[in-house]
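Read through the structure below, which is laid out as structure tokens, and then see the notes.
Read-outs throughout are calculated quantities, based only on the coordinates presented, and are distinct from any laboratory measurement. Everything numeric in this text was worked out from a predicted model, so none of it was measured. Cβ atoms come from the backbone with ideal geometry, glycine included; neighbour counts cover every protein chain shown.
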Amino acid sequence: MDFGNFLIMRQEVGLMLIFLIMLVLDIFASEKSCIRKYFQPVACILFLVHTVFGFLFPSEGTAFGGLYVTSSLTTWMKHILDLGVLFMFLQSGSWLHSTDALKRRAGEFYVISLATLLGMYIMVSAGNLMMLYIGIETASLPMAILAAYNKYQHKSAEAGAKYIMLTSFSSGIMLFGISFLYAAAGTLYYGDINLTDGNFFTITGLVFFLSGLGFKISLVPFHLWTADVYEGAPTSITAFLSVASKAAACFALIFALYQAFGSLVTAWKPVLWWLIVITITLGNIFALRQKDIKRFFAFSSISQAGYIMLGVISGTSQGMTAVVYYLLVYLFANMAAFGIISAVENKTGRTDFGVYNGLGKTSPVLAFVMMLAVFSLAGIPPLGGFFSKFFLFAAAAQQGEYLLVFIALLNTVISLYYYLLVVRAMYIRPAEENAEKVNADTYNKISLLVCTVALIAVGIASFIYTNIDALSFGIR
Amino acid sequence: MEYSLAILVLPLCAFLFLGLFSKVLSHKISGIIGTCSLAVVAVLSYVVAFTYFTTCNVDGVWQTVMPINFEWLSFTQNLHIDLGILLDPISVMMLVVISTVSLMVHIYSMGYMKGEKGFQRYYAILSLFTFSMLGLVIATNIFQMYIFWELVGVSSYLLIGFYYTKPSAVAASKKAFIVTRFADLGFLMGILILSYFTGTFDFGVLTENNGFNVISSMQGISFMGISAATWAMTLIFIGGAGKSAMFPLHIWLPDAMEGPTPVSALIHAATMVVAGVYLVARLFPVYCFATPEVLTLIAYVGAFTALFAAVIAITQTDIKRVLAFSTISQIAYMMVALGVSGYNGHDGLGYMSSMFHLFTHAFFKALLFLGAGSVIHAVHSNEMKNMGGLKKYMPITHITFLIACLAIAGIPPFSGFFSKDEILAAAFMHDKIIFVTLWVVAGLTAFYMFRLYYNIFWGEESVHEHVPHESPKIMTYPLLFLALLSIVAGLIPFGELVSADKIPLHTHIEWGVATAGVLVALTGIFVARTFYRKKSEMPARIAISLGRLYRATAKKFYIDEVWYFVTRKIIFRHVSTPIAKFDKKYIDGTMDAIGNTTVKTSEITKNLQSGRVQWYAWVFITGVLIITVVFLLSRG
């Protein structure tokens, strides 16, 4: 066995190392041990070191005979996932210390999250459909545990149960699809699958396969779990689900579509076209009437997923760049929003829109960050969200998808309306009686500060886009 | 001279600081912060001017220096917007003028605005204005100038509307903004035409080789029988005419007097209103060589405006309005001078005299406004009838005001004499009709200024609420300083420093023209003295005998009414109202329908989200199967 393979996988190996450290710490630190208090900083610092290390020493190449592929583009993608996890760690502190039962299990939280992330890494780096499947499963199972983390709360338990049932269901169908594809192509390696004719096996296999990833990205009609799970899961987990889980699946989809099924592009493009249209539209229409802010962001994230697919459908390197860039900006905006949601939830224990009334008066800074976040999601200049949407639309328009871009544009108008509902609640509606100032804890403040700066800076700093652009060249 | 950047940065910082911390800072502190930053700016401007005029003359030609210039936005290889600092004789001269007058106004305002509500806001916007105006004059390209041009417009709007609880002030600020903005539209179109053909915004490229780039790139292109170059330069002039209150876009300036008086001194006398003149001067080689016909237009518009405004000034009774019309008239003087100017050597006398008059006028007109402010401060009224006999109560204001009146009337050895003489000489060389017009205007100017002077300080004392008193020292010192400048500014050998072709120009007093000018001014003063020094029936009788003409003049020739007719009766009623109706009924209706449909759809589809896992799985599998079937069928 060639141990050099593990060197190529050093990002995963590093992650496993942290995973083990946290596991060991959790096992051997007694319940009253003072180490338990420092789980959060230790996890954050270790993880930061890992991220920086990965950034400084990127690896390129394939390992294990093409099962595992890494390039500077995958490294970029993994960094985006890293950021999502880092923000989750920063934002989850108050929640993990809110009850004794949670406090006792704080170590588990980090271990399980890291396991999920490992699955996502594998999804991104997979060079083989089976590897991809393993990655998806590795990511999904711990995710269900995370969703049910507040197990004594009815809603959280329900979220976990729903997630595990539906994710098994979709995995089953996906696996079924993969077996069809194997039957048609005779191989599972991306590079070797060279399907040209759309016979029954291929088409059915492809659709089944896509439905599995579509479930993760929450494309309509595979999206129904999203709202219930987002609402029930602990807020930090929801943030993680809405950002990292979605991003990983998007990246995996890009690679699979263009590397494995690039030859079938004319076949899957119309499917994706329709999926995009109904996803954006339905996501928006549902978001209009939500009373709970977590449900609201669930539907907003569904329509955002539709926008992301716009870059995928364009199929050019410009489109890929736009997707990666979009996800980066989306991560900052969503993480900022969820950071505030969890701060508010920790203070009031509520997630309905009512608590956001008059937030602009009671906690002006948080309200301002929230406003920036939703403005970025809605795509208002000069925030990052404007540029990322612009690049996506430009990429799709360049491929002649004018109708699609037009539909997407119409939808941004609708989305602007409901995003402004949040701003209206915060700035125009009077505060509820005895509403108090909401304070984020220190770690959360750091995450919010980073997100805010990033939202403004990413739009202005064009080098980020250029940098990703240089990498995604030659994805096909 | 990279430190010249500080001239821009300081007022901006002062604006941000005062604006952000206005609630925390006391009146006094914010006044001091604003004034101190301006004092530093003024000193820096003097240093820049001194350095420039001592070092930047190479082989007898004034050089154009760009200490800073970087590319800000690039559209194409050639077409890009830069930001930078351009120093040449006129921009350096403007730096000195703006920072000096602004400093005086800052100091003076600490007394004049004492105790006003929104004092911090006042100083913040004053700093913003100074920043924008300085940015405008040092712009390296026409687009940068346009950016600051609009910023100047905004800060002027904010300052005119400073007393925002007063409906008249709000109306005036809106009027000023809309009229100038309307003109700016012309400016922008001009910029776009110019840059479209020449592929550059840069002043240096536009004006090099006597505007060769403009001439060659636009050759043979015409629209509606008028060449593209003429269109572009006329449109740009319209922008300048808006800011510089040329007829018929002058209507905003008299109303702008609703702002605090020091603001009028700064913006509506010395700095912003000369921006149009400065713009024409900046592009002078293009005007002179590429589009001489536009230059002729400028000369005639200027001459007409000068006469027109001077006539109206005679009949006004609000002292600030008299000064406003006098400003219009004097700026028109500068425009005329540019209009009659040539380029090389002594032909460029008009250009030089225009800038010279801009320079001297800034000081004595600021002085007049600040003096008027001092008077208003004492009697709490703008109307002449509430004044009279103030000279024994307000000796310093009286003396300084007199000096300013003599300067503007063009009596030697005060500064106005020198600059006005050069303008008259330039006009005499170029066009006799214009010369005669200007000559008459010189007489009228002397007359209405001394009518103002005698009505305020001499004549019968009116009844006051309390005994008028001299203004505090913080207000009189700036008056004295400006009075000093009004006396000596004319002695500067201006032609050596500023000239059209940047080669020092040796000027001398044209005694023939000067004598004619001084004589007509003295006549004006003499008539004013006989009419107004003591109470006299003469003015009233003349007014009655002139009848309708007098009334028309007092009503400013009904130009405002003409504009109202055009805007309200024609545009609002016959164009805007139908459009608004259409908008409300059809556009809004469609939008409402879309909105309602969306909400209804959302209501209907809500049931999809039932919360039951079985249902979710069912939808999932149905979705997959439907897609597969559709897909298979569509593949045939």
If each K or R counts +1 and each D or E counts -1, the residues other than B:Leu206 whose Cβ falls under 15 Å of its Cβ total -3
Within chain A, excluding any chymotrypsin sites (Phe, Trp or Tyr not before Pro) found in a DSSP loop (not H, G, I, E or B) and having at most 16 other Cβ atoms within 10 Å, the longest uninterrupted segment runs A:153-472
Footprinting proxy, B:Asp583, A:Asp26: sorted fewest to most Cβ within 10 Å, the residues are B:Asp583, A:Asp26
Exposure-ranked with fewest Cβ neighbours within 10 Å first, B:His106, B:His380 stand as B:His380, B:His106
Eigenvalues of the alpha-carbon gyration tensor of segment B:52-177, times 5 and square-rooted, give semi-axes in Å, largest first, of 33, 20, 10
Relative to the compact-globule estimate 2.2 N^0.38 Å (N residues), the Cα gyration radius of segment B:1-88 stands at a ratio of 1.44
Rg/Rh over Cα atoms for segment A:4-471, Kirkwood Rh, comes to 0.95
Any lysines whose Cα falls less than 19 Å from that of B:Lys600, other than same-chain ones fewer than 8 residues away, would be A:Lys291
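Just from its helices, what would the mean residue ellipticity at 222 nm be for chain A, if runs of 4 or more DSSP H residues each count -39500 (n - 2.57) and the sum is divided by every residue, rounded to the nearest 500 deg cm²/dmol?
-24500 deg cm²/dmol
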With the charge dipole of the protein assembly as shown built from beta-carbon charges (+1 for Lys and Arg, -1 for Asp and Glu) about the Cα centre, the Cα from B:Phe197, B:Leu266, B:Thr207 projecting farthest to the positive end belongs to B:Leu266
Across all Cα atoms of segment A:301-408, Rg and the largest Cα-Cα distance (Dmax), in Å, are 16.1, 49
Taking every alpha carbon pair in segment B:497-636 and sorting the distances into 5 angstrom bins from 0 up to the bin holding the longest one, the percent per bin comes out as 2, 6, 5, 6, 6, 6, 6, 6, 6, 6, 5, 4, 4, 4, 4, 4, 4, 3, 3, 6, 3, 0
For peptide A:216-226, the mean count of other chain Cβ atoms within 10 Å per residue Cβ is 4
Summed over the other residues with a beta carbon less than 15 angstrom from that of B:Thr35, with K and R at +1 and D and E at -1, the charge totals +3
Computed for segment A:4-471: size of charge dipole around the Cα centre, +1 on C-beta of each Lys and Arg, -1 on C-beta of each Asp and Glu, debye to nearest 20, value 880
With DSSP loop assignment and no more than 12 other C-beta atoms within 10 Å, the GluC sites (Glu not before Pro) in segment B:389-478 are B:Glu460, B:Glu465
Once the in-chain neighbours fewer than 8 apart are removed, the aspartates and glutamates whose Cα is under 19 Å from B:Lys166 read B:Glu116, B:Asp255, B:Glu258, B:Asp318, B:Glu383
Volume per residue (Å³) of the convex hull spanned by the alpha carbons of the protein assembly as shown is 214
Partner shielding of A:204-212, as the mean number of partner chain Cβ atoms within 10 Å, equals 4
log10 I(q)/I(0) for chain B, Debye formula on C-alpha points only (no solvent), q = 0.05, 0.06 Å⁻¹, two decimals, reads -0.27, -0.37
Here the net charge surrounding B:Trp511, from other residues whose Cβ is less than 15 Å away from its Cβ (Lys, Arg +1; Asp, Glu -1), is -2
Of B:27-38, B:250-261, ordering from highest average Cβ density within 10 Å down gives B:250-261, B:27-38
Relative contact order in percent for segment B:162-285 (Cα pairs under 8 Å, 6+ apart) equals 33
re segment B:374-421: pairs of Cα atoms spaced beyond 15 Å account for a percent value of 53
Computed over chain B, the relative contact order (Cα-Cα under 8 Å, seq sep at least six) in percent reads 12
Inter-part gap, Cα centre of segment B:417-440 to Cα centre of segment A:62-82, in whole angstrom, is 80
For A:Lys103, counting only lysines whose alpha-carbon sits under 19 Å away and dropping same-chain residues fewer than eight positions off, the answer is A:Lys32, A:Lys37, A:Lys151, A:Lys347
When the charge dipole of the protein assembly as shown is computed with +1 at the Cβ of Lys and Arg and -1 at the Cβ of Asp and Glu, the Cα pointing farthest to the positive end, of A:Ser303, B:Phe304, B:Phe447, is that of B:Phe447
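Order these by the 10 Å Cβ neighbour count, fewest first: B:Asp421, A:Asp197.
If I rank by nearby Cβ atoms, fewest first, I get A:Asp197, B:Asp421.
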Ratio for segment B:395-464, C-alpha Rg to 2.2 N^0.38 Å, reads 1.35
Given unit charges at Cβ for Lys, Arg (+) and Asp, Glu (-), the dipole magnitude of chain B about its Cα centre in debye, nearest 20, is 2400
Checking rank on B:332-343, B:43-54, with mean other Cβ inside 10 Å and highest first, the result is B:332-343, B:43-54
Rounded to the nearest Å, the spacing of the alpha-carbon centers of segment B:186-227 and segment A:154-176 is 68
Most packed first (mean Cβ within 10 Å per residue), the peptides B:500-509, B:395-404 order as B:395-404, B:500-509
Note to self: C-alpha centroids of segment B:564-600 and segment B:60-110 sit apart, in Å, by 44
The size of the Cβ-based charge dipole (Lys, Arg +1; Asp, Glu -1) of segment B:140-297 about the Cα centre, to the nearest 20 debye, is 320
Checked segment B:97-152 against the a/c 1.5 cut and the a/b vs b/c comparison, axes a ≥ b ≥ c from its Cα gyration tensor; verdict oblate
